[in-house]
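Read-outs throughout are calculated quantities, based only on the coordinates presented, and are distinct from any laboratory measurement. Being a predicted model, the structure only gives us computed values, none of them experimental. A quick note on method: Cβ atoms are made from the backbone with ideal geometry, for glycine too, and the neighbour counts reach across all protein chains shown.
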Amino acid sequence: MFINKCLFWFSFLVLVMWVYILLVPVSSKSKIKDLQITALILARGGSKGILLKNLALVNNKTLISRTISVLREFSKFQSVWVSTDHESIVREARLSGARIHTRSRESAADEASSLLAVKEFAYHHPEIPAIALFQCTSPFLTLFPIEQAYAMMTDLGYDSVFSVTTSYKLRWTFNSDFSVSPLNFDLTRRPRRQDWDGDLIENGMFYFFRTRLLQFNVLQGGQ
């Protein structure tokens, strides 16, 4: 009798375990790892500071070509896109292996923000769940920080990841009466560099984010 009861409960537990395996949906961890991220480069032709700066040469290679080469070498992005309004940039991007999104006149205007251009791209590609936005003007982009950011999105489930530089500069600001006041430190206790963590300054190298954040007009948010 005792053995029969043990066999019954053992069989019952096995059945429950199989039902659990079959009915419980794929874990959020698996879903995170399945996240597809698309790389995007914004490269308009009408830069006022340096004309066609994205085609500037560094060690005999254009900035945009250098960036595309690194992104393609990484090989984990679903695809690599360049959003531009200039035919010379289109040619260089295609030669480097990128796909092209034709940027509208509105999103390429001097007063247009990067956010507007990203939203325009996402609108035309609603199937993309996450974007990694890169700046060509970061010529020292390497695989290591890209790998870290990608893993934070796909392995750890972050909603956004962006690159920063730590600054230990003591910052001041003008007041309405043209006097100045310290912004990030106490004037009576000036910090030594080794005694504080410094400020995190966006360096513009990259911004990884889930496209759903765009509905809130942000590239950074969530976790």
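The relative contact order of the range 140-223, computed from alpha carbon pairs under 8 Å that lie at least 6 residues apart in sequence, is 38 percent.
When 81, 196 are arranged by Cβ crowding within 10 Å, least crowded first, meaning fewest neighbours, the order is 196, 81. Derived scalar couplings between HN and Hα for the range 81-98 equal 10, 10, 9, 8, 10, 10, 5, 5, 5, 4, 4, 5, 5, 5, 4, 8, x, 9 Hz in order, rounded to whole Hz, by the Karplus curve 6.51 cos²θ - 1.76 cosθ + 1.60 (θ = phi - 60°), x for Gly and Pro. Around the amide H of residue 101, modelled in the peptide plane, lie the amide H atoms of 82, 83, 84, all under 5 Å away and 5 or more residues distant in sequence or on another chain.
Amide hydrogen proximity for residue 172: with H placed 1.01 Å from N in the peptide plane, the residues at 5 or more positions away or on another chain lying under 5 Å are 183. Remark: the range 127-138, residue by residue, has Karplus-estimated 3J(HN,Hα) of 6, 7, x, 8, 10, 10, 8, 10, 9, 5, 7, 10 Hz, where x stands for each Gly or Pro and the curve is 6.51 cos²θ - 1.76 cosθ + 1.60 at θ = phi - 60°. Taking amide H as placed 1.01 Å from N in the peptide plane, the amide H of residue 133 sits under 5 Å from that of 40, 207, 208, 209, each at least 5 places away or on another chain. Excluding same-chain neighbours fewer than eight residues apart, the aspartates and glutamates reachable from residue 76 by a Cα-Cα span under 20 Å are 34, 127, 147, 155, 159. Put in line by how crowded their Cβ is, counting other Cβ atoms within 10 Å and starting with the fewest, 120, 92 read 120, 92.
Rounded if a/c is under 1.5, else prolate if a/b beats b/c, else oblate: with a ≥ b ≥ c from the C-alpha gyration tensor eigenvalues square-rooted, which is the range 73-174? Cα axes put the range 73-174 in the oblate bin. Please give the FRET efficiency for residue 58 paired with residue 100, using the beta carbon to beta carbon distance and R0 = 30 Å, rounded to the nearest 0.05. So the FRET efficiency works out to roughly 0.85. Of the trypsin sites (Lys or Arg not before Pro) in the range 57-123, the ones in a loop by DSSP (not H, G, I, E or B) with at most 14 other beta carbons within 10 Å are 76, 105. Going from the residue with the fewest nearby Cβ atoms within 10 Å to the one with the most, 147, 111, 127 rank 111, 127, 147.
Computed from backbone phi, the HN-Hα couplings of the range 154-169 come to 8, 9, 9, x, 5, 8, 7, 9, 9, 8, 9, 10, 7, 10, 10, 7 Hz, rounded to whole numbers (Karplus: 6.51 cos²θ - 1.76 cosθ + 1.60, θ = phi - 60°; Gly and Pro given as x).
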